[in-house]
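Since the structure comes first, as structure tokens, the remarks are kept for the end.
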Amino acid sequence: MTLSGKTIILGVTGSIAAYKAAELASRLVQREANVNTIMTEAAMRFISPLTFRSLTGRPVVTGMFDLNSEFSIEHVSLAEAADIVVIAPATANIIAKLASGLADDILCSTVLATKSSVLIAPAMNVNMYENRITQNNLSELKSRGFIVVGPDTGRLASGEAGPGRFAGISDITGSICQVLGRKGDLAHKHIVITAGGTQESIDPVRYISNRSSGKMGYALAEAARDRGAEVTLITAPSSLIKPYGVELYSINTAQEMYQAVRDIAPRAGALIMAAAVADYRPASVAKDKIKKANSSLTLNLVNTPDILDNVKGDFVRVGFAAESEHLVENARAKLQRKNLDLIIANDITAEGSGFGADNNEVVIIGRGDAKNKLPLLPKREVADKILDEVAALLP
Ligand SMILES: Cc1cc2nc3c(=O)[nH]c(=O)nc-3n(C[C@H](O)[C@H](O)[C@H](O)COP(=O)(O)O)c2cc1C
């Protein structure tokens, strides 16, 4: 999601993870956000304001009584201009101060003065994190509407393992996008999206699959989330990072995908089938690894269940048609055969488009004569165009 026109306050506090905030600042700037950094005294022991000044191209606020600052009455003017305040990393200390409503530094004062959402990403030693006082402070902040991302569990700077690791940057950016998109045109809508290529086992180590990477389905899931939807992503194995704030169901086979869609889609407003579901699976799965004994091997394949044909319910149905010839005619026939509301046709022979690529060139076909041919676009932009049409069909 582009963050163009959004103003984000990035609060950096005195955690060993403070250096990771530089990467976060850079990612937010790449998405075109205006990033105003506020650093605590302790944060400046870990990383220089110059880093954030250089990455964001904007002054860094380091003190309440900084006469050289361009912001008039800083703690108020910064707070008023913010679309969201993000404190990452957030120390046990700042969490305690915020929970008690302290205003003894510029970061706390800004949080107290803002009416925008506040997101915190705690990072600390496992014992500090698990301490009842910190847990109570976090509960207090959550009950007051603060959004808490992480911490992750894993190896900590102290050498111990447990919860306390700074959350992944993609989780923090995902959460920011979700918060900023909360009131979008898909707010209060539940969208189910399928993604990836199913895997049909031959024996314990081999399977039949296809070239789907899951990128189109994952882009749809993130785009729907960033427009306020509640998103369920039913995914075949994929190397992509799980989109933050999305309910994820991992499946392997077409049969498992069918069962998941059958259980979940009837409760949703729309089902978007971006997955490449196997049409055939081996009739039986060998119990042991098949040995290289003969000069040839014949596999007996049988049909898998057709998901769109079999899942009943009153929701908007969107299918994909990957075609190598007669794109629009074949896709339109599939739309009618499966009683879809929309079908997204893509020509898999087109250069730089389709399976595995970052871009896609599609035609969005509706019932009747409706047809929208899009140029080659990043999958995220294609996703938003598809969702524009889905939003128009939702009650
Ligand atoms: C090397 C070092 C690493 C630290 N890492 C953390 C940390 O990851 N999380 C944390 O809550 N405090 C950490 N602290 C303690 C904080 O820096 C300290 O509580 C400080 O007062 C926090 O101030 P601030 O919240 O105003 O930034 C660390 C201290 C040192 C010396």
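Structural remarks
- Candidates PRO282, PRO266 - the one that is more than 19 Å from ASN310 (Cα to Cα), touching a residue at least 24 places away in the same chain (Cβ under 8 Å) and not acidic (Asp, Glu): PRO282
- On inspection, ILE234 passes the criterion of being part of a strand (DSSP E or B) and under 26 Å from ASP152 (Cβ atoms).
- The one condition in (1) part of a strand (DSSP E or B); (2) in contact (Cβ under 8 Å) with a residue 24 or more places away in the chain that TYR249 fails to fulfil: (2)
- Qualifying residues in region 47-80 (those that are small (Gly, Ala, Ser) and within 20 Å of ALA113 (Cβ to Cβ)) - the one modelled with the highest pLDDT: ALA79
To keep it simple, each residue is scored yes or no on (1) among the hydroxyl-bearing types (Ser, Thr, Tyr); (2) in contact with a strand residue (DSSP E or B) (Cβ under 7 Å, 6 or more places away or on another chain); (3) assigned to a helix (DSSP H, G or I).
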position: GLN259; (1), (2), (3): no, no, yes
position: ASP263; (1), (2), (3): no, no, yes
position: PRO266; (1), (2), (3): no, no, yes
position: ALA293; (1), (2), (3): no, no, no
position: LEU299; (1), (2), (3): no, yes, no
position: ALA322; (1), (2), (3): no, yes, no
position: LEU340; (1), (2), (3): no, yes, no
position: ILE343; (1), (2), (3): no, yes, no
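- Some residue of region 83-103 being over 24 Å from ASN131 (Cβ atoms) and of a type in the set (S, T, N, Q): no
- Filter result (away from the ligand (no atom under 15 Å from the Cβ) and under 26 Å from LEU78 (Cβ atoms)) within region 119-148: LEU119, GLU140, LYS142, SER143, ARG144, GLY145, PHE146, ILE147
Condition check ((1) farther than 22 Å from GLY168 by Cβ; (2) surrounded by fewer than 24 Cβ atoms within 10 Å (Cβ to Cβ); (3) within 16 Å of the ligand (Cβ to nearest atom)) across all residues:
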residue	(1), (2), (3)
GLY5	yes, yes, no
THR13	no, no, yes
ALA21	no, no, yes
SER26	no, yes, no
ASN34	yes, yes, no
ARG45	yes, yes, yes
SER54	yes, yes, no
ARG58	yes, yes, no
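- Residue among GLY184, GLY174 that alone is more than 13 Å from the ligand (Cβ to nearest atom) and either outside any helix (DSSP H, G or I) or in contact with a strand residue (DSSP E or B) (Cβ under 6 Å, 6 or more places away or on another chain) (or both): GLY184
- Test set (1) at pLDDT below 95; (2) within 16 Å of the chain's Cα centre (by Cα); (3) not aromatic (Phe, Trp, Tyr) - GLN178 fails condition number: (1)
The values are calculated or read from the model by the stated rules, or taken from the named source; none is laboratory data. On a predicted model such as this, the values are computed, not experimentally measured, just so you know. All Cβ positions, glycine included, derive from the backbone under ideal geometry; neighbour counts span all protein chains shown.
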